[in-house]
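Comments concern the structure below.
The values are calculated or read from the model by the stated rules, or taken from the named source; none is laboratory data. Because the structure is a prediction, the values reported are computed rather than measured. Cβ placement follows ideal geometry from the backbone for every residue including glycine, while neighbour counts extend to all protein chains displayed.
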Amino acid sequence: MRAVVQRVSSASVTVDGAVVGAIEEPGLCVLVGVTHADGPEQASRLAEKLWGLRILADERSCSDLGAPLLVISQFTLYGDARKGRRPTWAAAAPGPVAEPLVDEVVAALRRLGARVETGKFGAQMQLALTNDGPFTVLVEI
């Protein structure tokens, strides 16, 4: 699994003109990509990493502050543009594999005590955020 994690002061995701998930306070916006070799173990490990990642103010984590997370599925994180001008998505897991694993990341975060908002899997989404820092890291499990 691969995640792009951004420290934000707020973030929201819109589908068909309606906001489907939003955080209105400092927290993390997380784009999650799934590849073919991923399973529930990787989803749990990613959730634990995100919950404890010390990138918020004063090197604290969401678990330290009770800060929210906005988690959005993002198959394009496994795009490969090394050859030619058109990326290939061959490394991205198909929807029937990826969707339950992204759902498991969210469920595992909630079991840890996190407040989690989400996008809508497979939908055309518009993401709005205010990156705080700016601060963005890549996490791979």
- Quick one: is Asp103 closer than 16 Å to Ala3 by Cα, without any contact (Cβ under 8 Å) to a residue 40 or more places away in the chain, loosely packed, with under 15 Cβ neighbours inside 10 Å and of a type in the set (Asp, Glu)? no
- Task: Working only within segment 74-94, note down all residues that are exposed (fewer than 15 other Cβ atoms within 10 Å of the Cβ), under 25 Å from Val15 (Cα atoms) and touching a Pro at 6+ places or on another chain (Cβ under 6 Å).
- Result: none
- Among (1) of a type in the set (Gly, Ala, Ser); (2) in contact with a helix residue (DSSP H, G or I) (Cβ under 7 Å, 6 or more places away or on another chain); (3) in contact (Cβ under 8 Å) with a residue 12 or more places away in the chain - the single one Gly52 does not satisfy: (3)
- Message: Looking at Val97, Val71 in this structure, which one is in contact (Cβ under 8 Å) with a residue 40 or more places away in the chain, surrounded by 13 or more Cβ atoms within 10 Å (Cβ to Cβ), closer than 18 Å to Val32 by Cβ and over 16 Å from the mean Cα position of the chain (by Cα)?
- Response: Val97
- Would you check if Ser44 is in contact (Cβ under 8 Å) with a residue 60 or more places away in the chain and of a type outside the set (Lys, Arg)? yes
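With the requirement that a residue be in a helix (DSSP H, G or I) and in contact with a strand residue (DSSP E or B) (Cβ under 9 Å, 6 or more places away or on another chain), what does segment 108-134 give you? Spell out the reasoning first.
First pass over segment 108-134, keeping only residues in a helix (DSSP H, G or I): 108-112.
Correct list: Leu109, Arg110.
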- Candidates Glu48, Glu25, filtered to the one that is surrounded by fewer than 14 Cβ atoms within 10 Å (Cβ to Cβ) and either of a type outside the set (A, V, I, L, M, F, W, C) or in contact with a Cys (Cβ under 8 Å, 6 or more places away or on another chain) (or both): Glu25
- Message: I need the full set of residues from segment 74-128 which are modelled with pLDDT under 95, on the phi > 0 side of the Ramachandran plot and touching a helix residue (DSSP H, G or I) at 6+ places or on another chain (Cβ under 9 Å), in order please.
- Response: Gly122
- Note on the structure: Filtering segment 108-119 for residues that are closer than 14 Å to Lys49 by Cα and surrounded by fewer than 20 Cβ atoms within 10 Å (Cβ to Cβ) leaves a count of 4
- Query: So Ala18 fits all but one of (1) touching a Cys at 6+ places or on another chain (Cβ under 9 Å); (2) without any contact (Cβ under 8 Å) to a residue 24 or more places away in the chain; what number is the exception?
  - Reply: (1)
